[in-house]
Amino acid sequence: MKNSFAYLLIAIFLFGCETESKLTFKNIELKNKTCNTCPEITIVIPKALDETRIAETINTAINEEIIYTLKFEDSIDTNTIDEAMRSFTESFQDFQREFNDEVIGWEAQVEGKVYYESPTILSILLNIYTYTGGAHGNGTSTFLNFDKQRNIEVENYELFSDLEGFIAFVETKFRAEKEIPKKGPINATGFMFSDNVFHLPENLGFTKEGIQLIYNPYEVASYADGLIELVIPYNEVNSFLKKNYRLKEE
């Protein structure tokens, strides 16, 4: 009985520590006003509520990504999401006036969520869709990764102690999964890697199962191919990661 009680206390303690390490988020929703000359803009993103440096870092990074998505005029200073929404709206209205109201309605949708969180790392995923004319819109997925202990956003290359080794390892996995011959050009089956040289995607993030890699449309394939995804389990990727980013599959 004593041993059982001790194990229970340890479990409660560990659960409490894990819970305390979790940040507090709430979803906020922003929409553009509705009118005949207004594009449709819908934004749903997580906002970190904790009064900490890492919470401020997360909120700033998310806001900057959305501002970058919506800002249409580089010459105009845009520092908030509201200003970016206004920039997107005014650019659409300018196009309408120039082309005598023949412009099909523009659209922007952003949906963000906390994709993974551990005591050391946090991954936010932003699914973004924009339409500003043409045959189709543009949908992308963007990972934002944060080091909770250092209170910073982490660039992809900063996650790895052996980046070159990881690239070579992923190329082997990619060729096997996509049925590309082990030897020969990486574009042998129709991919469009620049200079016929394999490279990592611009976006990768942490999940319960491992590191997820996402190639967005046009990054290495046509729009019709959509997102190209690959998940590398932690037991295969940990040897390439820096020690504080090594995790176990849940």
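The values are calculated or read from the model by the stated rules, or taken from the named source; none is laboratory data. Since we're looking at a predicted model, the values are computed, not measured. All Cβ positions, even for glycine, are placed from backbone atoms using ideal geometry, and neighbour counts span all protein chains on display. Note: areas computed on protein heavy atoms with side chains; ligands, DNA, RNA excluded. Shrake-Rupley method; radii C 1.70, N 1.55, O 1.52, S 1.80 Å.
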Only one of Glu209, Glu219, Glu236 is under 16 Å from the mean Cα position of the chain (by Cα) and of a type in the set (Asp, Glu), namely Glu219
Sole miss for Glu155 among (1) farther than 30 Å from Glu250 by Cα; (2) open to solvent by 10 Å² or more (accessible area, probe 1.4 Å); (3) within 12 Å of the chain's Cα centre (by Cα) is condition (1)
Of Gly139, Gly112, Gly133, the only residue that is under 11 Å from the mean Cα position of the chain (by Cα), touching a residue at least 24 places away in the same chain (Cβ under 8 Å) and outside any helix (DSSP H, G or I) is Gly112
Given the structure, is Arg53 within 30 Å of Asn244 (Cα to Cα), open to solvent by 80 Å² or more (accessible area, probe 1.4 Å), out of contact with any helix residue (DSSP H, G or I) (no Cβ under 7 Å at 6 or more places or on another chain) and of a type in the set (Lys, Arg)?
yes
Of Asn145, Asn238, Asn203, the only residue that is open to solvent by 20 Å² or more (accessible area, probe 1.4 Å) and of a type in the set (S, T, N, Q) is Asn238
Here the qualifying pairs (Cβ atoms under 8 Å; residues six or more apart or on different chains; first in region 217-234 and surrounded by 15 or more Cβ atoms within 10 Å (Cβ to Cβ); second among the aromatic types (Phe, Trp, Tyr) and part of a loop (DSSP other than H, G, I, E, B)) come out as Val220/Phe191; Val220/Phe193; Ala221/Phe191
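Name the single residue, out of those in region 72-91 being in a loop (DSSP other than H, G, I, E, B) and in contact with a helix residue (DSSP H, G or I) (Cβ under 7 Å, 6 or more places away or on another chain), that is least open to solvent (accessible area, probe 1.4 Å).
Looking at the filtered set, the residue picked out is Thr78.
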Within region 82-140, the count of residues that are in contact with a Cys (Cβ under 9 Å, 6 or more places away or on another chain) and not hydrophobic (A, V, I, L, M, F, W, C) comes to 4
**Message:** Against the condition surrounded by 14 or more Cβ atoms within 10 Å (Cβ to Cβ), over 30 Å from Ile54 (Cα atoms) and at pLDDT 95 or above, how does Ile214 come out, does it pass?
**Reply:** no
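Yes or no: Asp94 part of a loop (DSSP other than H, G, I, E, B) and among the acidic types (Asp, Glu)?
no
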Within region 159-189, residues open to solvent by less than 50 Å² (accessible area, probe 1.4 Å), of a type outside the set (Val, Ile, Thr) and touching a residue at least 40 places away in the same chain (Cβ under 8 Å) come out as Leu159, Phe160, Gly165, Phe166, Phe174
Counted residues in region 106-131 being surrounded by fewer than 18 Cβ atoms within 10 Å (Cβ to Cβ) and either in contact with a Ser or Thr (Cβ under 7 Å, 6 or more places away or on another chain) or closer than 17 Å to Ile43 by Cβ (or both) come to 9
State whether one or more residues within region 14-32 are at pLDDT below 50 and either buried (at least 17 other Cβ atoms within 10 Å of the Cβ) or of a type in the set (Asp, Glu) (or both).
-> yes
